[in-house]
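K.L.:
Structure in structure tokens, see below.
The values are calculated or read from the model by the stated rules, or taken from the named source; none is laboratory data. In this text, all values refer to a predicted model and were calculated from it rather than measured experimentally. Here the Cβ positions follow ideal geometry from the backbone for every residue, glycine too, while neighbour counts run over all protein chains shown. For the accessible areas, the whole protein counts, side chains as well, though only heavy atoms, and no ligand, DNA or RNA atoms are used. Shrake-Rupley method; radii C 1.70, N 1.55, O 1.52, S 1.80 Å.
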Protein chains: 2
Amino acid sequence: MSDCIFCKIVKREMPSQIVYEDDRVMAFNDINPLAPVHILVIPKEHLTNVLDINENNADLIGHIHLVINRLAREKGIAEKGFRIVTNCNPEGGQVVYHLHYHLIGGEKLKNFA
Amino acid sequence: MSDCIFCKIVKREMPSQIVYEDDRVMAFNDINPLAPVHILVIPKEHLTNVLDINENNADLIGHIHLVINRLAREKGIAEKGFRIVTNCNPEGGQVVYHLHYHLIGGEKLKNFA
């Protein structure tokens, strides 16, 4: 998707604070953080949102969660606590239409809907 | 875990409005809904939270997401939009210490932290 900002981040055509990368996913700091730790974890492949997940690519979601666990431990928020969120389509609050998981923590979080 | 309320729901020792079940997961309506649709999807196996996910059981997370997609479509909120949330440990807002994913939708959702 040539006009997708997250695809541009993956291709390094747009700057970001990358905190993790492997062959399938990338993680970078949210530019409008809602909490002291606010990282987005995305697949490098362009998927619109979680509705693009099916039996053939569902293992990607497990992998993303392993990366999130690793980042939560690295950032020192695993035991205190954190939240994982993915928003899908307008009423869910999705803003960028490239699948992404929010890792949020570093303070006591409020309600989530 | 004999004192875990979600384990009791799995064993049908406690009532719940079950909306989906298979050999690995169960889904039921949240008793304190934050939105018109608020379903919890849990593994039948007792896992404390997402930090219990490792390379040996990460496929469970993909499966939970496939179940969520199916429920979102069944409830008619897939295209309008929905949110998926898991809270981990106190600052994340975890209340019941049995891994669960919230599927929330049916109205325009507010912010999530």
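K.L.:
Does the stretch B:13-22 contain at least one residue that is under 26 Å from B:Ile77 (Cβ atoms), in contact with a Phe, Trp or Tyr (Cβ under 7 Å, 6 or more places away or on another chain) and open to solvent by 80 Å² or more (accessible area, probe 1.4 Å)?
P.N.:
The answer is yes, given that some residue of the stretch B:13-22 is under 26 Å from B:Ile77 (Cβ atoms), in contact with a Phe, Trp or Tyr (Cβ under 7 Å, 6 or more places away or on another chain) and open to solvent by 80 Å² or more (accessible area, probe 1.4 Å).
K.L.:
In the stretch B:54-72, is there at least one residue being facing chain A (nearest Cβ under 7 Å), more than 24 Å from A:Gln94 (Cα to Cα) and aliphatic (A, V, I, L, M)?
P.N.:
Checking the stretch B:54-72: at least one residue is facing chain A (nearest Cβ under 7 Å), more than 24 Å from A:Gln94 (Cα to Cα) and aliphatic (A, V, I, L, M).
K.L.:
Something else about it: Check B:His98 against each of (1) more than 9 Å from chain A (Cβ to nearest Cβ); (2) open to solvent by 10 Å² or more (accessible area, probe 1.4 Å); (3) more than 18 Å from A:His102 (Cβ to Cβ); (4) in contact with a Pro (Cβ under 9 Å, 6 or more places away or on another chain) and name the one condition it does not meet.
P.N.:
All conditions are met except number (2).
Results for (1) within 12 Å of chain A (Cβ to nearest Cβ); (2) surrounded by fewer than 20 Cβ atoms within 10 Å (Cβ to Cβ); (3) within 11 Å of the chain's Cα centre (by Cα), shown as yes or no for each residue.
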| site | (1), (2), (3) |
| --- | --- |
| B:Ser2 | no, yes, no |
| B:Arg83 | yes, no, no |
| B:Thr86 | yes, no, yes |
| B:Leu109 | yes, no, no |
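K.L.:
Among (1) over 20 Å from A:Ile64 (Cα atoms); (2) touching a helix residue (DSSP H, G or I) at 6+ places or on another chain (Cβ under 8 Å), where does B:Tyr97 come up short?
P.N.:
Checking B:Tyr97 against (1) over 20 Å from A:Ile64 (Cα atoms); (2) touching a helix residue (DSSP H, G or I) at 6+ places or on another chain (Cβ under 8 Å), the one that fails is (2).
K.L.:
Now for a separate question. Could you figure out which of (1) at pLDDT 95 or above; (2) surrounded by fewer than 17 Cβ atoms within 10 Å (Cβ to Cβ) isn't true of A:Val10?
P.N.:
With (1) at pLDDT 95 or above; (2) surrounded by fewer than 17 Cβ atoms within 10 Å (Cβ to Cβ) applied to A:Val10, the lone miss is (2).
K.L.:
Just to confirm my filter: which strands (runs of 3 or more DSSP E) fall fully inside the stretch A:1-51 and include at least 2 residues that are closer than 22 Å to A:Gly92 by Cα, in contact with a Cys (Cβ under 7 Å, 6 or more places away or on another chain) and of a type outside the set (A, V, I, L, M, F, W, C)?
P.N.:
none
K.L.:
Among the numbered criteria (1) open to solvent by 10 Å² or more (accessible area, probe 1.4 Å); (2) at negative phi; (3) free of Cβ contacts under 8 Å to residues at least 24 places away in the same chain, which one does A:Gly76 miss?
P.N.:
Going through the list (1) open to solvent by 10 Å² or more (accessible area, probe 1.4 Å); (2) at negative phi; (3) free of Cβ contacts under 8 Å to residues at least 24 places away in the same chain, A:Gly76 breaks only (2).
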